[in-house]
1. Regarding Ile199, is this residue in contact (Cβ under 8 Å) with a residue 12 or more places away in the chain, of a type in the set (A, V, I, L, M) and open to solvent by 50 Å² or more (accessible area, probe 1.4 Å)?
2. Taking segment 21-39 as the region of interest, how many residues are of a type outside the set (A, V, I, L, M, F, W, C), touching a residue at least 12 places away in the same chain (Cβ under 8 Å) and outside any helix (DSSP H, G or I)?
3. Limited to segment 143-167, what total is found for residues that are under 20 Å from Ala102 (Cβ atoms), in contact (Cβ under 8 Å) with a residue 40 or more places away in the chain and open to solvent by less than 20 Å² (accessible area, probe 1.4 Å)?
4. Mind listing just one residue for me: the one in segment 276-302 that is surrounded by fewer than 21 Cβ atoms within 10 Å (Cβ to Cβ) and modelled with pLDDT of 95 or more and, of those, nearest to Ala340 (Cα to Cα)?
5. Quick one: in segment 202-226, which of the residues that are assigned to a loop (DSSP other than H, G, I, E, B) and either without any contact (Cβ under 8 Å) to a residue 12 or more places away in the chain or within 15 Å of the ligand (Cβ to nearest atom) (or both) is most open to solvent (accessible area, probe 1.4 Å)?
6. Do we have Tyr44 as under 30 Å from Arg11 (Cβ atoms), of a type in the set (Phe, Trp, Tyr) and away from the ligand (no atom under 16 Å from the Cβ) here?
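The values are calculated or read from the model by the stated rules, or taken from the named source; none is laboratory data. In this text, all values refer to a predicted model and were calculated from it rather than measured experimentally. Here Cβ is always computed from backbone atoms with ideal geometry, including for glycine, and neighbour counts include all displayed protein chains. Accessible surface is based on the protein model in full, side chains and every heavy atom, while ligands, DNA and RNA are left aside. Shrake-Rupley method; radii C 1.70, N 1.55, O 1.52, S 1.80 Å.
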Amino acid sequence: MSAQPNIDDARLLPVLEKVQAGARLSAADGLALYQSPDILSIGYMANLVRERINGNTTFFNVNRHINPTDVCVASCRLCAFGKKARDPKAYTMSLEQVWETAGRGWSEAITEFHIVGGLHPELTLDWYCRMLRGLKERFPSVHLKAFTMVEISYLAQRSKTTVPDTLQRLREAGMDSLPGGGAEIFSERVRRIICDHKIDGSEWLNVARAAHRAGLKSNCTMLYGHIESDADRVDHLVRLRELQDETHGFVTFIPLAFHPDHTPLQHIPKTTGFDDIRNIAVSRLMLDNIPHIKAYWVMMTPKIAQIAQRFGADDLDGTVVEEKIYHDAGATTEQSLRRAELLRLITEAGREPVERDTLYRPVERTETAFTVLV
Ligand code: V47
């Protein structure tokens, strides 16, 4: 890209100056980025920052999602996945079923299990510890990225113990890090409507803080495209950035587009490609202290995720295998992508693919084996 871009929207000129100087953007800058139609200028700036931090690399991983249960005591209006225990379509895996599910597709040499589920009224902390131990025994090389901050808070409350103690016990059983889900949008006004049964934004941040203080890394997310305002989005990003200044525990941010199908909010229109790309770019620009921005292809389609690599994203997530949360909410993307397809999406965008483990250490593969390079 040229050193002197054409900026169509003059409101973005002060933002460009800050980006070129490597200065932090303010909440007002964030709002200007959300309100400007000049997507190419926003993308130019986001790409500048992306290449400054991650060069020409786009990361991906070979992972599998495991959702041990969809039974959930909460009834969040944003969600099509959670079900009541009495619902005939609800499921809860036995421990053996979790371990058997984990082993399916093993030939792809998976390096990560991404494990999240509903807030089950009966499964105990001890059950989850046994689940993790069983996975570690069977798949010792696989990183266990497990439980959202919401699940951790719920397990602590149900076990009548503290969040740090819950984290400690899960960690001893094999939990290696935490995914970024459940953050939704921190605005209380919006949470009351889309997820009033969930912990509030401050508690989500408190659990993340406790995890980071215990030495665990995590991801973070923002759910957009429902009833939130641009100011709510900016507030969410700024609160994540503030916690990151304190703990440095977030590895990756993932903007998640709301999928309305089969939820009580199905009257809300789906997000547009423009908004999906804008959220990637604005988050790259605002979250100057979070190393990676993920374009989650399941949510934004492989085609938009591919373009996102030139608008701030440096990660496409992974093979995923058996995604349920988005597909229950009407996602029409595949439930998994082959490694070769991920490579094609990256190289055709002119980026260099690097297979990573969960903590972004490169993974080197031969025909029959793989090693994590440290
Ligand atoms: O926690 C639920 C959201 C999240 C819907 O950490 C919905 O690497 C849209 O967190 N429409 C799960 N979103 C996905 C998630 C995630 C995905 C990929 C990678 C990582 C990571 C994390 O999806 C939930 C919730 O925030 N969600 N229902 C829905 N109808």
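1. Here the answer is no, as Ile199 does not meet what is asked.
2. Summing the residues that are of a type outside the set (A, V, I, L, M, F, W, C), touching a residue at least 12 places away in the same chain (Cβ under 8 Å) and outside any helix (DSSP H, G or I) in segment 21-39 gives 5.
3. Within segment 143-167, residues that are under 20 Å from Ala102 (Cβ atoms), in contact (Cβ under 8 Å) with a residue 40 or more places away in the chain and open to solvent by less than 20 Å² (accessible area, probe 1.4 Å) number 1.
4. Pro291
5. Of everything passing the filter in segment 202-226, Gly215 is most open to solvent (accessible area, probe 1.4 Å).
6. yes
Listed here are the residues, each with its yes/no results for (1) in contact with a strand residue (DSSP E or B) (Cβ under 6 Å, 6 or more places away or on another chain); (2) not in a loop (DSSP other than H, G, I, E, B).
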residue	(1), (2)
Arg130	no, yes
Arg133	no, yes
Ser141	no, no
Leu144	yes, yes
Val150	no, yes
Leu167	no, yes
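Residue-wise test of (1) more than 15 Å from the ligand (Cβ to nearest atom); (2) more than 22 Å from the chain's Cα centre (by Cα); (3) assigned to a loop (DSSP other than H, G, I, E, B).
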| residue | (1), (2), (3) |
| --- | --- |
| Ile7 | yes, yes, yes |
| Glu51 | yes, no, no |
| Arg64 | no, no, no |
| Cys79 | no, no, yes |
| Gln97 | yes, yes, no |
